[in-house]
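Undergrad: Have a look at the structure that comes next, please.
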Amino acid sequence: MTTDVSGRPAAGKKGKGAEPVGDPFDRDVLPTPKGASRALLRSLLTPARGRVRLAVVLLLLQQAAVQAGPLLVAYAIDHGVPAVRRHDYGPLVAVGTGYVICALAAGLLQLAFVRLAARIGQGALLDLRGRIFRHAQTLSVDFHERYTSGRIVSRATTDVESIRELLNDGLQELMGVLLSVVYVSAMLLYLDWGLGAAAMVSFCPLYLFVRSYQRRSRLVYGKRSTAIAAVIVKFSETMNGIRPVQAFRRERVNEADFRLLNERHLRANGAVMLEMARYVVSARLAANAALAAIVLWGAYRVASGGLALGVLAASVMYLRRLYDPIDRLGMFLNAYQSAAASLEKIAGLLAQRPSVPEPAGPRPLPERPSGRPGREVVFDGVRFAYRTGGEVLPRFDLTLAAGRTVAVVGSTGAGKSTLAKLLARFYDPTEGRVLLDGVPLRELSGAELRRAVVMVTQEAFLFSGTVADNIAIGRPGATREDIEGAAKAIGAHDFITALPDGYDTDVRKRGGRISAGQRQLVGFARALLADPAVIVLDEATSSLDVPGERAVQRAMRTVLRGRTAVVIAHRLSTVEIADRVLVMADGRVVEDGTPAELTAGDGRFAALHRAWRDSLV
Amino acid sequence: MTVTTTTTETRPPERRSAVRSLLRLWPYVRPVRGRLVGAAFVGVVASCLGLVIPLALKWIVDGPVADRDPSGVWLGGVVLLVLGAAEAVLFWVRRVLVARPLARVEADMRAALFRHLQRLPVAFHDRWSSGQLLSRGTTDLMLMRMFLAFPLTFLLVNATTIVVGFVILLAQQWTLGLVLLAPVAPLVVLCWFFEERYSQAARTAQDQVGDVTTIVEESVLGIRIIKGFGQHRGQERAFGALSERLRATELGKAGLLGTLWALIMVLPELAIGAALLLGVVQVADGELSAGTLVAFLSTALALRWPVESLGFLLAMTNETATAADRFFEVMDVAEAAPGPTSPPGKPGAQDRGLRLDGVEFRYPDAPPDAPPVLRGVDLHIRPGETMALVGTTGSGKTTLTALIPRLHEATAGRITLDGEDVTALSRERLRGLVSVAFEEPTLFSASVGENVLMGAEGAGESDLKRALAVAQADFVDGLPDGHRTQVGEQGLSLSGGQRQRLALARAVVGNPRFLILDDPLSALDVHTEAAVEAALREVLATTTALVVAHRPSTVLLADRVALLSRGRIAAVGTHHELLHGNEEYASLMSGHEESEGRERDGGSPR
């Protein structure tokens, strides 16, 4: 088999507790507290308060420099020309100098602003990405089982990207446009209040067009993003499942389905472009009509002697500047809208509180008496139910003696995995407490807990990097000897050395075909290296063949000797090494004893065990 | 195999002709060529109208205004209005002309990509992550549509506008025209230069975003491991370093962009300033009319955007060429040969059943010195027989099963079904004969029933019931909508064991002649496993089957067992024969050391 680069391993074992219909997770709408997205934005920009103020000042100055041009033109025509005719070059030199200064100032201020804005924006994005990442890490396993990895990835990428686009280009242009509207209106009013007032009146229809476009485009954009999402799901599902697709000759059916989705997207896409065309034509028509009307009136007044020619020329230039960015305004508004939607989704994610919080005042574990590597585990009046109501484990008490290996068997849904997750504190019990050498797990710091308790699960995920890196996750800073030692002890050394670059084989590169069973061995080597007092194995040998499983058991008997171990298994072969076996059904322990006792009895375990022994002969 | 591209991150060679890449789009663009040409024509006309507006302005200033003739102004106003309206309408026409056709081009290309990818061999998909393929099917295609809608048209339109504009300027007053023309050449060169560097930085940033995405994805997929080992700090550090690197790249990008914009802003302004001074002197000397100066400055203003845009239009063109390369990189991979490649032989009696002769396989991307995964596999499964396939982890069992429905192609040797060479059958027919349950059960976004029934064309409700019964998938009745419940990515998620049972039901629903089961019971608990085995026995009695097995319990489903070892079939026999006669097999099944195993087997016969 191959390493699956993008494919997600089974999305956890959920579906046990029936989710209520209309669960916010299914629709990807986590409740966002009111005003949370605004508060988030504010908190991102607060550290850069000074820079933001400076940026506003720079932009104000820059726009002033830009908008001075036509004013200088007016001055040149109305005052420069007559002065030159009188052989007075003073005004002309003044205009020339002014023009050069304004041009240079506009350019330099622009450069300074872009750099400053980038610092602000990138700082905020760095902060935001980090917050999403750290927050996702602190959220509990039960959250991740419901909120799929794809969603967190799109929060940290697509959504951050749309905010980046807004911060990088959109906001700056939008502010530029708004500022220039203010400046230009002021200039026009200053040049001639009549022309200025006329220009301002022309904003009314333009404003209405923008508003109507904003309203209508939200609709068509929404349709388009729904359509493309459907296309994406179908596309990636097909490519991720290409084996069954080809083996079951689904190509044609898929093509028909895909055509339908693709056509829907095509129509939505066309509608978006047509909506834009509608907006552009109406805005342009209004702008050009306003321009014609204002020029007409101005020219009429110049002709009848009521207005200087230079003023008219400057007004025309200003008006064009005023109306030019209208087309683009539509696009900025879209960027703004999608960024607002993204911000809200991110705020919703960040508003989730971890259901397994770190203790405020952590307690240390007691020192272990020398020569006793394991710790005692006590479930004290523990009950566990999903927050949606389904009870998984009814109230029970259970003590696991230090240094003993306990096997837990039972059918799917019996509550074995939940038991393991409570012990590893992936969940907190609904009632009661889990104690490790007398200290409640809730009161242990994360680091202390993880040093003491390590859980190895069925899904042996490999991180990008080398095989050695992946094993070293168990104990960062471990030497190569330690790593190889762990791999040898678990029986993984042979297959690793057979890889193209041995321990330095990149698990994501070619040649790195690592089977499910081999991945599980790497997971074990990791756990071995971590050297915990309590080890929890949740179906951790399911993909191993029998010799692989034996090697793991041997390692547990030697390397992990004396540690407290909880082994959950479908396979009875695993149970042989246990000191004690718990048989679970419907959340309760129904049989409890040594393997020998249970085998000799006439319970479920005995029946299963007989069937298994029979198959070996 | 015919696959030539080997890694998912192949960078296109740095020096490649953008034009040549873009010309490859022609077959897709051909159907809409008329519309595109029409749109470009309309664009040129609209843009030229924009240039005429200043001339009308000049006419107003030098005519009625200079003559102090207020009534004459009206005509000018009407002309301006008509020109403005025409410009706006032409903008609209241009967009409307191409909106739907270009959406169609995008959709057609996407459909072609989807169709092609579905027919590429599994070996291709092993090497390409679906994310890489998806980005070709979405972002890259959108980029190409946008290119056809804007840069392609506007490169033509703006170039024409610039030429026409400067002809107008030079015709009016060549000295002033030359002053304005001066910054054009350096501007285009500078824009080109900066856009080149900028798009390099943008590519770097894109790759770095990819790295950040990977670490986010991994840290979520591996959340149990990270939490289990308390490793979140290490992940955070790695993440922090990557995002800090991305920030630095983004700041560099902003610096480049800022410099570029500053240049774009300053250079033409300086030229306009110079033209203004020169113009004022000329007007004062009476060489130039005031109207001409006004028109001049307006025209210069109108030409700023076409000149400024050339840089980023060229950059977008470059980017689109890269997107086109990425698209064709996948489209150029040859589909697996569809038709018969060897003449069908007359099947003899000894050929009935499933037969493998000297089958060899090596992965197309394996290093040349690596030994093949399978080297000379000979195996004969008699009609109606069930054969278990046993071997150590990584011995190539799954690979072997993939060769039979030709998900992978054997590199040498022959596989026959009832005497017919699998390469002589069309894939369609072959895969109708052979049904597979995969080790990793995949469900699609559809109802439970649809997921199962995709195993057989024309199977009905009763077949569905029977298949679900065989797989002991009675949990289906407990789902909210029974077998109509939606599952998969967009529906209810099922546990591994539940998915595995549905995959099994899918494999048996069509009563296939040949059945391949890859460790079909691994995720089931002991009780369910026993029940499935009992039901499966009946199905297996009537089909020729190959069952990959890790456990004795699964092996017991089979009539005979084949042991795969070092790329060959090392032994074939019944479970009991091999258990007693083959040390490797005994160790695989019982897990005891070989000597220990013999003692035990000898000591406790049951």
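Undergrad: Looking only at other chains, what is the average number of their beta-carbon atoms within 10 angstrom of each beta-carbon in A:66-75?
TA: On the way: counts 2, 0, 0, 6, 2, 0, 2, 8, 0, 1.
The shielding value for this peptide is 2.
Undergrad: Still on this structure, I have one more. Pairing the Cα long axis of helix B:184-221 with the longest principal axis of chain B, what angle in degrees results, from 0 to 90 and rounded to the nearest 10?
TA: It works out to around 30 degrees.
Undergrad: Evaluate the charge dipole of the protein assembly as shown about its Cα centre and quote only its size in Debye, nearest 20, assuming +1 on the Cβ of each Lys and Arg and -1 on the Cβ of each Asp and Glu. Don't jump to the answer; show the numbers that get you there.
TA: Values: 137 positive and 123 negative charges, 432 e Å.
The calculated dipole for the protein assembly as shown is roughly 2080 debye.
Undergrad: Restricting to bridges with both residues inside the stretch B:350-573, how much of the DSSP beta-bridge set is antiparallel, in percent to the nearest 5? Mind showing how you got there, number by number?
TA: Details: 20 of 38 bridges.
Around 55 percent antiparallel, to the nearest 5.
Undergrad: Would you pull out the residues with amide H under 5 Å of A:Val456's amide H, same chain only if 5 or more places away, H placed 1.01 Å from N?
TA: Excluding prolines and chain starts, which carry no amide H, the hits are A:Val536, A:Leu537, A:Asp538.
Undergrad: Beyond a 32 Å Cα-Cα separation, which of these cross-linked pairs lie in this structure: A:Lys416/A:Lys488; A:Lys345/B:Lys227; B:Lys227/B:Lys253?
TA: Details: A:Lys416/A:Lys488 30 Å; A:Lys345/B:Lys227 25 Å; B:Lys227/B:Lys253 37 Å.
Checking Cα-Cα distances, B:Lys227/B:Lys253 exceed 32 Å.
Undergrad: Got a sec? How would A:Asp397, B:Asp378, B:Asp325 order by Cβ neighbour count within 10 Å, fewest to most? Please report the intermediate quantities before stating the final value.
TA: Numbers: A:Asp397 10, B:Asp378 14, B:Asp325 21.
Ascending Cβ contact count within 10 Å gives the list A:Asp397, B:Asp378, B:Asp325.
Undergrad: Shielding of B:94-101 by partners, i.e. mean partner chain Cβ atoms within 10 Å per residue? Walk me through the numbers before you get to the answer.
TA: On the way: counts 3, 8, 6, 1, 3, 9, 7, 1.
For this peptide, the per-residue mean of nearby foreign Cβ atoms is 5.
Undergrad: Oh, and also: Measure nothing fancy, just the Cα-based angle from helix A:193-240's long axis to the longest principal axis of chain A, in degrees from 0 to 90, nearest 10.
TA: 30
Undergrad: If you don't mind, another one. Taking 0.36 nm per intervening residue step and subtracting the Cα-Cα distance, what contour gain separates B:Asn511 from B:Arg115 on full extension? Don't skip to the answer; put the middle values down first.
TA: Values: separation 396, 0.36 × 396 = 142.56 nm, distance 2.83 nm.
Contour length minus Cα-Cα distance gives 139.7 nm.
Undergrad: Right, another one. For A:Glu165 and A:Tyr207, what is the calculated FRET efficiency with R₀ set at 25 Å and r taken between the beta-carbons, to the nearest 0.05? Present the calculation step by step, with values, prior to reporting the outcome.
TA: Values: r = 24 Å, r/R0 = 0.97.
Between A:Glu165 and A:Tyr207 the formula returns 0.55.
Undergrad: Here is a further query. Can you figure out the FRET efficiency of A:Thr97 with B:Glu287, using R₀ = 25 Å and their beta-carbon distance, to the nearest 0.05? Before the final figure, lay out the partial values.
TA: Details: r = 24 Å, r/R0 = 0.95.
Result of the calculation: an efficiency of 0.60.
Undergrad: Counting only DSSP beta bridges with both residues in the protein assembly as shown, what percent are antiparallel, rounded to the nearest 5? Mind showing how you got there, number by number?
TA: Numbers: 39 of 75 bridges.
Around 50 percent antiparallel, to the nearest 5.
Undergrad: Which value at 222 nm does chain B reach when only helices count, each DSSP H run of 4 or more adding -39,500 (n - 2.57), with the total divided by all residues and rounded to the nearest 500 deg cm²/dmol?
TA: Working: 23 runs with 368 residues, N = 606.
Result for chain B: -20000 deg cm²/dmol, rounded to the nearest 500.
Undergrad: Quick one: length gained pulling B:Asp369 to B:Glu457 fully straight, 0.36 nm per residue minus the C-alpha distance?
TA: Working: separation 88, 0.36 × 88 = 31.68 nm, distance 4.39 nm.
Extending this stretch completely gives an extra 27.3 nm.
Undergrad: Now for a different question. Neighbouring Cβ atoms within 10 Å as the yardstick, rank B:Trp305, B:Trp128 fewest first. Mind showing how you got there, number by number?
TA: Details: B:Trp305 14, B:Trp128 22.
So the residues, fewest neighbours to most, are B:Trp305, B:Trp128.
Undergrad: Something else now. Along the Cα→Cβ direction, 7 angstrom out, place labels at B:Val37 and A:Asp494. What is the inter-label distance in nm?
TA: 7.1
Undergrad: With a sphere of radius 10 Å drawn around the Cβ of A:Asp531, what net charge do the other residues whose Cβ falls strictly inside it have (Lys, Arg +1; Asp, Glu -1)?
TA: Working: positive: A:Arg451, A:Arg475, A:Arg563; negative: A:Asp482.
Here the count lands on +2.
Undergrad: DSSP beta bridges in chain A, what fraction antiparallel, as a percent rounded to 5? Before the final figure, lay out the partial values.
TA: Values: 19 of 37 bridges.
About 50 percent, rounded to the nearest 5.
Undergrad: Could you work out, residue by residue across B:451-464, how many beta carbons of other chains sit within 10 Å of that residue's beta carbon, and then give the average as an integer?
TA: Values: counts 1, 0, 1, 7, 4, 1, 3, 0, 0, 0, 0, 0, 0, 0.
Mean partner-chain Cβ count within 10 Å for B:451-464: 1.
Undergrad: Now for a separate question. So for A:Thr594, B:Thr544, fewest C-beta neighbours within 10 Å to most, what's the order? List each step's numbers first, then the result.
TA: On the way: A:Thr594 12, B:Thr544 24.
Result, fewest neighbours first: A:Thr594, B:Thr544.
Undergrad: I've got another one for you. List every residue whose amide H lies under 5 Å from the amide H of A:Val392, counting only residues 5 or more places away in sequence or on a different chain, with H placed 1.01 Å from N in the peptide plane.
TA: For A:Val392, whose amide H was placed from the backbone, the distant partners under 5 Å are A:Phe384, A:Ala385, A:Tyr386.
Undergrad: Another question about this same structure. Once label points are set 7 Å from the Cα along Cα→Cβ at both A:Asp504 and A:Val52, what is their separation, rounded to one decimal in nm?
TA: So the two model labels end up 5.0 nm from each other.
Undergrad: Provide the net charge surrounding B:Val89, with neighbours chosen by a C-beta distance below 13 Å and charges set as Lys +1, Arg +1, Asp -1, Glu -1. Can you show the working numbers first?
TA: Working: positive: A:Arg278, A:Arg284, B:Arg94, B:Arg95; negative: B:Glu87.
It works out to a net charge of +3.
Undergrad: Run the helix sum for chain A: -39,500 (n - 2.57) per DSSP H stretch of 4+ residues, divided by residue count, reported at 222 nm to the nearest 500 deg cm²/dmol.
TA: Numbers: 22 runs with 360 residues, N = 617.
After summing the helix terms and dividing by residue count, I get -19500 deg cm²/dmol.
Every number here is computed from the coordinates shown, using simple stated rules; none is lab data. As the structure is a prediction and not an experimental result, all values here were calculated from the model. Reconstructed Cβ throughout: ideal geometry from the backbone, glycine too, with neighbour counts over all protein chains shown.
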